[in-house]
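Beneath this line is the structure, given in structure tokens, with notes to follow.
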Amino acid sequence: MYKDIINKIKPQLEKCLMYLKDEMATLRTGRATPALVETVMVESYGSKLPLKQLAAINVPDARMIVVQPWDKAILKEIEKAIRESRSGLAPVTEGDFIRISILPLSEEHRKELVRNLSQKLEAAKKTVRSLREQSWKEIQDGERAGLIREDDKFRGKDELQKLIDDYNKKLEELGEAKEKEIMTI
């Protein structure tokens, strides 16, 4: 019974991990990557759509992103959306595509990105703690209802903690790798 409760949170923990990866991908590290712009919301055709649904995004080298819209009529809207996004990128329209040069980060900006990373990491850890508390409460409720024996309750607590420790370690490793990437000049 307690194993069902623990297995039930595994997909939620995976979602938390994937969400953090996606959030970290949007942090600018001085290297060009499509993730820097693909989620920028562009006002087009009467609604807001993510850039990745409106254009091909290429990275020809480590310091350049090229955005080529499928419909040339929305070129100006895409440029405006990238410029107004909080990414600090400066798009330049050249013919029927947009070129974005990625400038090296200043030390101050790197530290700001690390603080932002820490906030995202802490939010993910908070979610993991919340899932742990929820599962532990379910295990305790199962024991009170007579569905889980007392021995299994403590076994479940140990297994739950081991699972949570594994995911916290994965989160930390992701955070450390991204911080190293940000701070590397």
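Tabulated data for the structure shown
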quantity: Share of alpha-carbon pairs per 5 Å distance bin for the stretch 34-101, given as whole %; calculated: 3, 19, 35, 28, 12, 2, 0
quantity: Fewest-first sequence of 152, 22 by Cβ atoms within 10 Å of each Cβ; calculated: 22, 152
quantity: Principal-axis tilt of helix 75-84 within the chain, Cα atoms, nearest 10 degrees; calculated: 60
quantity: Inter-site label distance for residue 53 and residue 159 at 7 Å from Cα along Cβ, in nm; calculated: 4.1
quantity: Max mean-square fluctuation residue, GNM over the chain, Cα-Cα springs under 10 Å, options 105, 17, 147; calculated: 147
quantity: Cross-link table 52/125; 111/169; 48/170; 10/111; 72/178; 10/153, entries beyond 26 Å C-alpha to C-alpha; calculated: 52/125; 48/170; 10/111; 72/178
quantity: For the chain, average projected area of the Cα convex hull in nm²; calculated: 12.9
quantity: Highest-MSF residue in the chain out of 30, 95, 156 [GNM, Cα springs under 10 Å]; calculated: 95
quantity: Crossing angle, helix 107-144 versus the chain [Cα axis fit, 0-90 degrees, rounded to tens]; calculated: 30
quantity: Between 0 and 90°, nearest 10: helix 150-183 axis offset from the chain longest Cα axis; calculated: 20
quantity: Excluding exposed DSSP-loop trypsin sites (Lys or Arg not before Pro) (at most 16 other C-beta within 10 Å), longest clean stretch of the chain; calculated: 87-148
quantity: Footprinting exposure proxy for 26, 184 (fewest neighbouring C-beta atoms within 10 Å first); calculated: 184, 26
quantity: For the stretch 103-185: rounded, prolate or oblate by the Cα gyration tensor [a/c cutoff 1.5]; calculated: prolate
quantity: Most fluctuating residue given options 66, 40, 92, as computed from a GNM of the chain linking Cα atoms under 10 Å; calculated: 92
quantity: Likely footprinting exposure, 107, 172, 77, fewest C-beta neighbours within 10 Å first; calculated: 107, 172, 77
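Read-outs: derived from the displayed coordinates by stated rules, not from any lab. Small disclaimer: the values here were computed from a predicted structure and weren't measured. So basically every Cβ, Gly included, is an ideal-geometry build from the backbone, and we count neighbours across all protein chains shown.
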